[in-house]
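Below: the structure, in structure tokens.
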């Protein structure tokens, strides 16, 4: 006997992972140079030198127990303090190590937060387009995911849709800015309006409604764009962060949950997150990586290569007749599918070994996602196929 629900989730990978695995199979058949894989958001630039230096210095200068031994469940307090010190310097906040709980990446952080907030009948709201795993994170950890329709064509927050979705069962609203898959940064004006709406609804329903701000792309911005820091805008904010993208360490699995010091029942919320993490098997985040992110808290990614890819793809696809919003951050393009059916268009693209992700699982079945953190030479080889596909649809 097994849990068939869990078995079903295991058999069916995410659509992004399925496409990535298909690309590896095709590369073995036709050669890597003949597969154009835009599926996975896997950083394509090396980690900053400070990351490698932090690892080398830890192994060289510290004793093995200090480097590889257990830390407290929340993480090394001194290293957590380094992370909050950087946030305080940037955003004028007054956070301390008590506000931070190190996790093995953003995904366990999100799961822990959902489990911590989920009570009987709990609902969590996300606006399309959204990271597809939110569905799994919420629906299998005590909540129900309620999806608000997208705000076409700018992909800002659909405030009318949010207001219609909020009810007495709403425990949290998940936002993601810069957004995966659009690259859009939610404007400060929009976020302040959302904060005002939630404050009003908290009073109406008599309980906190938390913003869960998923921020793995916070440092990846273009043209000096600014990403508003949600704890500075809304009191009941919980931040879920990953260092994977900014430091180009996606395989190292290190991030945090941050409970704003203005949160209602701040200490109880943190206790619940710690307890939820315990339930899913958390002991402590990798101690070596805690040291790395503490020492590298102020390190920012070099965006030059990402920006060149962004502009090359955006300008070329626009020239061919595709429609998409110009990304302000992250490393994706979200493109309107010719024929308005992204599944069909993605299947046509696969015939050319052009691997693009249908927007259906993101909540936008008429768009597809391109990951722009890829090798520039692959972009050049792929562009004629994008152009030919558009000509076919014309």
Using a Gaussian network model of the chain with C-alpha springs under 10 Å, which one of 205, 234, 332 is most mobile by mean-square fluctuation?
205
Beta carbons within 10 angstrom, averaged per residue: use that to sort the peptides 207-216, 49-58, highest first.
207-216, 49-58
For the peptides 152-159, 122-129, 342-349, what is the packing order when you average, over each peptide's residues, the other Cβ atoms within 10 Å and list the highest mean first?
122-129, 342-349, 152-159
Restricting to bridges with both residues inside region 50-295, how much of the DSSP beta-bridge set is antiparallel, in percent to the nearest 5?
35 percent
On a 0 to 90 degree scale, rounded to 10, what angle separates helix 106-117 from the longest Cα axis of the chain?
50 degrees
Sort 38-45, 366-373, 300-307 for me by packing, meaning the mean count of neighbouring Cβ atoms within 10 Å per residue, highest on top.
366-373, 38-45, 300-307
For a bin width of 5 Å, list the pair-distance distribution of region 223-323 built from all Cα-Cα distances, rounded to whole %.
2, 9, 14, 16, 16, 16, 10, 8, 6, 3, 1
Reviewing (1) 42.2, 147; (2) 21.1, 65; (3) 38.2, 142, the figure for Rg and Dmax of the Cα atoms in Å actually calculated from this model sits under (2)
Return the whole-Å distance between the Cα centroid of region 269-326 and the Cα centroid of region 100-130.
17 Å
Would you calculate a helix-derived [θ] at 222 nm for the chain, using -39,500 (n - 2.57) for each DSSP H run of n ≥ 4 and dividing by the full residue count, to the nearest 500?
-13000 deg cm²/dmol
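Rule-based calculations on the coordinates, nothing more; no lab input. All values derive from a computational prediction rather than experimental measurement. Virtual Cβ from ideal backbone geometry, glycine too; neighbours counted across all protein chains shown.
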